[in-house]
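Notes to accompany the following structure.
The values are calculated or read from the model by the stated rules, or taken from the named source; none is laboratory data. Everything quoted here is computed from the prediction, not taken from an experiment. Methodologically, a virtual Cβ is constructed for each residue, glycine included, from the backbone with ideal geometry; neighbour enumeration extends over all protein chains shown. Note: areas computed on protein heavy atoms with side chains; ligands, DNA, RNA excluded. Shrake-Rupley method; radii C 1.70, N 1.55, O 1.52, S 1.80 Å.
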Amino acid sequence: QVQLVESGGGLVQAGGSLRLSCAASGRTGSSMDMAWFRQVPGKEREFVASISRIGGRIYYVDSVKGRFTISRDNAKNTVYLQMNSLKPVDTAVYYCAATLREATMAEWPYTYWGQGTQVTVSS
């Protein structure tokens, strides 16, 4: 079993920055591709970014390209999402997810999910 715990969410003004962390326990983090998703109440969960197990493949949704950076530290079993130039539309609950398969933009390969961390961007 794998447990994922997100942290780093909060309230920030538009243009500000936050760094989210996702700590994995129960299985070696380097054996899994990881991703961040986000969800706004009443809407479907949306893919944000993914990173392969050794970091060689990274993908972003178009709306965050150039502003968000996903990275990982396998020695710490932790994945990060650095979010810069935040906009009110980035307000959502952000979820970390892990898969033993290859990361995709779809939810189905991800077996493990964190509990989510709220990010609120004020205008």
Region 107-123 residues that are closer than 12 Å to Phe37 by Cα, paired with ones that are open to solvent by 70 Å² or more (accessible area, probe 1.4 Å) and at pLDDT 95 or above (beta carbon under 7 Å, 6 or more apart): Gly114/Val5
Region 1-48 - residue that is assigned to a loop (DSSP other than H, G, I, E, B) and open to solvent by less than 50 Å² (accessible area, probe 1.4 Å) and, of those, nearest to Met83 (Cα to Cα): Gly16
Subset of region 87-98 [open to solvent by less than 10 Å² (accessible area, probe 1.4 Å) and outside any strand (DSSP E or B)]: Asp90
For Arg101: the one exception among (1) open to solvent by 20 Å² or more (accessible area, probe 1.4 Å); (2) touching a residue at least 60 places away in the same chain (Cβ under 8 Å); (3) part of a strand (DSSP E or B): (3)
Single residue of region 112-123 satisfying the filter (more than 15 Å from Arg45 (Cβ to Cβ) and polar (S, T, N, Q)) that is most open to solvent (accessible area, probe 1.4 Å): Ser123
Region 24-41: number of residues that are modelled with pLDDT under 95, farther than 15 Å from Trp108 by Cα and not polar (S, T, N, Q): 5
Scan of region 104-123 for residues that are in a strand (DSSP E or B) and of a type in the set (Ser, Thr, Tyr), ordered by number: Tyr112, Thr117, Thr120, Ser122
When residues of region 53-70 are limited to those that are surrounded by 15 or more Cβ atoms within 10 Å (Cβ to Cβ) and modelled with pLDDT of 95 or more, the one farthest from the chain's Cα centre (by Cα): Arg67
Failed item in (1) in contact with a Cys (Cβ under 9 Å, 6 or more places away or on another chain); (2) open to solvent by 50 Å² or more (accessible area, probe 1.4 Å), with Asn84 passing the rest: (1)
